[in-house]
Amino acid sequence: MGEVIHILGFAGSLRKESYNRSVLRAALTLVPQGARLDTVELDDIPPFNQDHEREPPPAVRAFKAAVKAADAILIVTPEYNYSVPGVLKNAIDWASRPYGDNAWDGKTVGVVGASVGMLGTARAQYHLRQMFVFLNMFPLNQPEVMIAHAEDKFDKEGNLKDQITTQKIRELLEALTEWTNSLQKANTVS
């Protein structure tokens with residue numbers, strides 16, 4: 001493998017004790033050799049306002065710079081009302097604007113999500129995939145990691161205790177690293 005793949009990860013939940021933040025913490029310990037995972041918080045990103053897209057607030061500038069600096073993206077999303085949380089959509093919108101300055105352009109992306117429901121964020125993940133088309137991102141298709149009944153997968157302190165889920169997250173990170181490497185190699189050849 002060549003250079004280390006830099007993955008930027010973030011959770012689409014602001015709740016400090018959310019299962020999705022716990023998934024992101026677990027992912028930090030499961031990164032394969034040849035990759036590194038840095039995380040960012042969405043807490044300080046204000047609601048998107050097109051009046052400010054050319055001179056965004058400092059938190060938006062920092063987030064967009066982190067996205068641009070990454071080779072790959074890891075989004076950990078809950079599901080609210082059959083879709084992505086507003087805070088996540090808001091961050092995606094900020095980093096894609098203004099038109100012609102899309103920080104997501106050409107990035108590989110892996111998605112994982114945890115929910116207490118039985119579908120484990122399937123609808124939110126599919127809505128993200130729709131957004132990736134316009135954003136010109138390259139989503140990892142397999143493995144899909146949709147963590148259902150999350151309350152059974154974590155201990156009281158928010159630590160991931162389920163070995164199957166742990167393995168699936170590890171597989172996703174390995175596949176995202178390989179996918180990113182292969183696309184980078186293809187781009188240097190062409």
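The helix-only estimate of mean residue ellipticity at 222 nm for the chain, built from DSSP H runs of length n ≥ 4 each weighted as -39500 (n - 2.57), is -12500 deg cm²/dmol after division by the residue total. Summarising the amide proton neighbourhood of VAL109: residues at separation of 5 or more, or on other chains, whose placed amide H is nearer than 5 Å comprise ILE73, PHE138, LEU140.
Panel order for ARG54, ARG123, by other beta carbons found within 10 Å of each beta carbon, from fewest to most: ARG54, ARG123. As a rough guide to protection, the peptides 64-73, 99-108 ranked by mean Cβ packing within 10 Å, highest first, stand as 64-73, 99-108.
For SER83 and VAL4, calculate 0.36 nm times their separation in residues minus their Cα-Cα distance, and state this gained length in nm to one decimal.
Length gained, SER83 through VAL4: 25.1 nm.
Percent relative contact order of the stretch 38-190, based on C-alpha pairs within less than 8 angstrom and at least six residues apart?
Details: 210 pairs, mean separation 32.5, N = 153.
It comes to 21 percent, rounded to a whole number.
Would you mind finding the longest exposed-site-free stretch of the chain, with exposed GluC sites (Glu not before Pro) meaning DSSP loop and at most 14 other Cβ atoms within 10 Å?
On the way: sites that count: GLU3, GLU17, GLU41, GLU157.
That would be 42-156.
Which one of LEU30, ILE5, PHE132 is farthest out on the positive end of the charge dipole of the stretch 1-132, using unit charges on Cβ (Lys, Arg +1; Asp, Glu -1) and the Cα centre as origin? Selected residue: LEU30.
Computed from the mean reciprocal separation of all distinct C-alpha pairs, what Kirkwood hydrodynamic radius does the stretch 5-189 have, in Å?
Values: mean 1/r = 0.0606 Å⁻¹.
The Cα-based Kirkwood calculation yields 16.5 Å.
All of the numbers you see were taken from the coordinates with simple rules; none came from a lab. Predicted, not measured: the structure shown is a model, and the values here were computed from it. No Cβ is skipped: glycine too gets one built from the backbone with ideal geometry, and neighbour counts run over all protein chains shown.
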